[in-house]
Amino acid sequence: MSRPILFASDIHLSESDPTTIEAFTEFLQGPARQASALYLLGDLFEYWAGDDDDDALNQRMADQLCALAQGGTAVYLMHGNRDFLIGADFARRAHATLLPDPYCIEAFGLNLLLSHGDQLCTDDLAYQQFRHMVRNQAWQAQFLGLPLPVRKAEIAKVRMASESAKQEKAADIMDVNASAVSKLLAAYPGHHLVHGHTHRPSLSRHEVQHGLRQRWVLPDWYRGKGGYLQVDDNGPMFVGARQEASWAGSER
Ligand code: LP5
Ligand code: MN
């Protein structure tokens, strides 16, 4: 049996959530070591202020990913809406390859389109406007030029503003837009989609251009829940990081 390929996202690592750090560390030292590749599809960290933020958690994670890569599991990182400032320096320290969003791979005969998923939430106009601003290269260069404590203070303000904005938003606005999904799938014939961001783990089927495509939505890992998609000789399967992940072991 060939070694599986694993996909996870929305780990949201933060010192304030030690259970999640523990669950993810167990994962890196367990199932991930059996895999030929691990794809982390965004929001590995609760937030990322810049590669010069070498606090203990960031350094530990770089070391753990590096150990995984040196043990023979290729590590791929995609940006999320919270850690899009991860740059080449962290990737080098983690022995990880940064991927653009979206990104196509072939896994055990399946064509997979990988994405964080936030771009698909097109009904969330306030977020898309914010995204447009912060994904601009010139904006990022200017932001990264600020002293680290100033960046952290700005991020704290944005996180608070985002949390209160989300209270006011209808739940469906914060999910993917069905037409945006269809449009993306139509642009990549024959591909199935794997994404995170919405924290609504599920498997759904989409009729696109006379073909049935599948869409796997990965779970978040807050408070040590978590889980991942495993693709191996038997096809794709959701696996819970820990017992309490109720959707674990759902259909292939
Ligand atoms: O992440 P999640 O799921 O909780 O919410 C997202 C959207 N929110 C965000 C913001 C991040 O959560 C927090 C920022 C992370 C760090 C980024 C690093 C660098 C940025 C520095 C900027 C100075 O992505 C949320 C979506 C939700 O997903 C579902 O899709 O709804 O979007 C929002 O809530 C955005 C608001 O609607 C609009 C923007 C509010 C911020 C305005 C700036 C305030 C000024 C502060 C001073 C600079
Ligand atoms: Mn996200």
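Structure notes:
- Helical runs (DSSP H, four residues minimum) scored at -39500 (n - 2.57) apiece and divided by the length of the chain put the mean residue ellipticity at 222 nm at -10500 deg cm²/dmol.
- Solvent exposure, largest accessible area first (probe 1.4 Å, DNA, RNA and ligands not counted), of M160, M174: M160, M174
- Accessible surface of the stretch 5-240 [probe 1.4 Å, protein heavy atoms]: carbon and sulfur percent: 53 percent
- Taken over the stretch 120-225, the convex hull of the Cα atoms encloses 135 Å³ per residue.
- Debye equation applied to the C-alpha atoms of the stretch 56-169, log10 I(q)/I(0) at 0.13, 0.18, 0.22 Å⁻¹: -0.67, -1.15, -1.35
- Database remark: amide H of L99 closer than 5 angstrom to the amide H of L77, M78, H79 (H placed geometrically; neighbours at sequence offset of 5 or more, or on other chains; Pro and chain starts carry no H).
- Pairwise alpha-carbon distances in the chain exceed 31 Å for 21% of all pairs.
- Legend: residues I173, I11, sorted from most to least accessible area (1.4 Å probe; ligands, DNA and RNA excluded), read I173, I11.
- Accessible surface area normalised per residue over the stretch 5-240 is 45 Å², counting heavy atoms of protein chains with a 1.4 Å rolling probe.
- Fully extended contour minus Cα-Cα distance, from T122 to R205, at 0.36 nm per residue: 27.9 nm
- Kirkwood Rh, angstrom, the stretch 126-179 [1 / mean 1/r, Cα pairs]: 12.9 Å
- For the stretch 1-109, the percent of C-alpha pairs falling in each 10 Å distance bin, counted from 0 to the bin holding the largest distance, reads 15, 52, 30, 4, 0.
- Whole-angstrom gap from the stretch 187-214 to the stretch 1-65, using each part's C-alpha centre: 25 Å
- At the residue level, R92 shows approximately 150 square angstrom of accessible surface with a 1.4 angstrom probe and all protein chains present.
The values are calculated or read from the model by the stated rules, or taken from the named source; none is laboratory data. All of these numbers come straight from a predicted model, not from anything done at the bench. Accessible surface is based on the protein model in full, side chains and every heavy atom, while ligands, DNA and RNA are left aside. Shrake-Rupley method; radii C 1.70, N 1.55, O 1.52, S 1.80 Å.
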